[in-house]
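Since the structure comes first, as structure tokens, the remarks are kept for the end.
The values are calculated or read from the model by the stated rules, or taken from the named source; none is laboratory data. Predicted model, so just to flag it, every value in this text is computed and none were measured. Neighbour counts are summed over all protein chains in view; Cβ atoms, including those assigned to glycine, are modelled from backbone coordinates with ideal geometry. When the accessible area is computed, the model is the full protein with side chains, heavy atoms only, and any ligands, DNA or RNA have been set aside. Shrake-Rupley method; radii C 1.70, N 1.55, O 1.52, S 1.80 Å.
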Amino acid sequence: MKRAAGKRRVAARSERLEARVSSDQKELFLRAAELQGRTLTDFVIASVHEAAVRTLEDLQSVRLAVDESRAFAEALLNPREPGPRLAAAARRYVASVAAHDPNAR
């Protein structure tokens, strides 16, 4: 079968979710679904999908306040000199790599 141009293909729905809701919640969901011209099932699936995508996007991105953004940019542009412990660790790492790889500088 060919799809009409501009229409997205919907994945086959083979899984089932169940939830118990109050009668007030169901009535609210039904009214919202009707206003969008959707079935209750379509409304719930679309709403849950949107909330899940938004949640994942929010948790996977880093958001900084203005002062935090400036401090981050400043640290990238003008990094501090490494302390003695970090410098020693770097020297040990370089020596270790050089010991195991004769082509390392």
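Estimated at 0.36 nm per residue, the fully extended path between L35 and Q60 surpasses their Cα-Cα distance by 5.8 nm.
I need the calculated FRET efficiency for the pair H49 and E27, taking r as the beta carbon distance and R₀ as 25 Å, to the nearest 0.05.
Computed FRET efficiency for H49 and E27 comes out at 0.70.
For a distance above 19 Å, tell me the whole-number percent of Cα pairs in the chain that qualify. Looking at the chain, the distances longer than 19 Å represent 74 percent of pairs.
Taking 0.36 nm per residue of separation and subtracting the Cα-Cα distance, what length does fully extending R91 through E68 add? Kindly include the intermediate steps, with their values, before the conclusion.
Values: separation 23, 0.36 × 23 = 8.28 nm, distance 3.16 nm.
Length difference between fully extended and current span is 5.1 nm.
When a 1.4 Å probe is rolled over the protein heavy atoms, the share of accessible surface on the chain that falls to carbon and sulfur comes to 55 percent.
Dipole size of the chain about its Cα centre, with +1 on Lys/Arg Cβ and -1 on Asp/Glu Cβ: approximately 560 debye, rounded to the nearest 20.
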